[in-house]
Amino acid sequence: MSTTSCLTKGSRSLVLNITIRRSQYTQPTPLTSRLFVCDVTGCSKSYKRIHELRRHKRTLLGVKPYPCRYSQCSKSGLNGFVRKNHLRQHLRQVYQASH
């Protein structure tokens, strides 16, 4: 763990505290606390939150519940997006650039 020293009094402990807190988020979750297990044949992944499992299963099964709302787009209909944020990014890139 590294810290940078600052000129202001007390800032070194603040940087150290932030570094410790950040490392708490990057540690892997123990498998015993992962309650939601994938039931797709051949998959043994498990997740701590139900929305993570749902997203994983949509990816495995090829479900794309977020289609582009423009009918001329190749991403409309069944060729949509697995995640809503991917649809938002697509709309920003393609349709705001053309206006």
### Message
When the residues of the range 45-70 are narrowed to those that are assigned to a loop (DSSP other than H, G, I, E, B) and among the charged types (D, E, K, R), which ends up nearest to residue 33 (Cα to Cα)?
### Response
48
### Query
Does at least one position in the range 44-65 carry a residue that is closer than 22 Å to residue 88 by Cα, modelled with pLDDT under 90 and among the small types (Gly, Ala, Ser)?
yes
### Task
Could you figure out which of (1) touching a strand residue (DSSP E or B) at 6+ places or on another chain (Cβ under 8 Å); (2) modelled with pLDDT of 75 or more; (3) of a type in the set (Lys, Arg) isn't true of residue 34?
(2)
### Close pairs from the range 23-42: first farther than 24 Å from residue 61 by Cα and of a type in the set (S, T, N, Q), partner surrounded by 10 or more Cβ atoms within 10 Å (Cβ to Cβ) and at pLDDT 65 or above, Cβ under 8 Å, at least 6 apart
29/48; 33/48
### Summary
Residue count, the range 71-85, condition assigned to a loop (DSSP other than H, G, I, E, B) and surrounded by 12 or more Cβ atoms within 10 Å (Cβ to Cβ), comes to 6
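The values are calculated or read from the model by the stated rules, or taken from the named source; none is laboratory data. A quick note: this is a predicted structure, and the numbers were derived from the prediction, not measured. FYI the Cβ positions are ideal-geometry reconstructions off the backbone, even for glycines, and counts take in every protein chain you see.
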